[in-house]
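See below for the structure under consideration.
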Amino acid sequence: MRDERRITLVARGAAAPKRQWDNSAEAANRIIFVETFSMLGYALDHGSQDVDRLLVDSTASADDFLSLLASLPHEFLGDVLFMRNDNTFLSTVARADGRLLYALTEDDLQFYLETHGLVTRVAKAA
């Protein structure tokens, strides 16, 4: 049986915070964890047309992240999310050409992950 869901590739380091990734069969996305940061570019270079977004979670430097953005295939229209310590950046495709880069707060990050169905929703204490 073929899984028709779009793929989110996640490269995460040992220092990455614990997240409640939604890997269930009912999840909106198919999350695939890769062993190393360098595998993200490799996966895109080798024709994975089903990749919707790349997540870099505590496994690369800012320089590595910028190098990844600069080397993305022009056809890749997905998001690239860089999460490291208290710094989170989201790269998205611009309307005209190129990519935009946004700084996210911790609440923004949680909202992004929940909205895209990547993690289970966290109940807020009243």
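Read the figures in this text as sums done on the coordinates, not as results from a lab. The structure displayed is predicted, hence computed values, not measured ones. Neighbour counts run over all protein chains shown; Cβ positions are idealised from the backbone, glycine included.
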In Å³ per residue, the alpha-carbon convex hull of the chain encloses 126
Long-range amide H partners of residue 12, meaning residues 5 or more apart or on another chain whose placed amide H is closer than 5 Å, are 34, 57
Inter-part gap, Cα centre of the range 26-71 to Cα centre of the range 77-107, in whole angstrom, is 13
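Please report the relative contact order for the chain, taking Cα pairs under 8 Å with a sequence separation of at least 6, and give it as a percent rounded to a whole number.
Once divided by the residue count of the chain, the mean separation gives 26 percent.
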Between the modelled labels at residue 106 and residue 67 (7 Å from Cα along Cα→Cβ) the distance in nm is 3.0
For the residue 86, residue 6 Cβ pair and Förster radius 22 Å, calculated FRET efficiency rounded to 0.05 is 0.15
Descending packing, highest mean Cβ count within 10 Å first, for 63-69, 16-22 is 63-69, 16-22
Quick calc, residue 75 & residue 27: beta-carbon distance into FRET formula, R0 25 Å, rounding 0.05, result 0.50
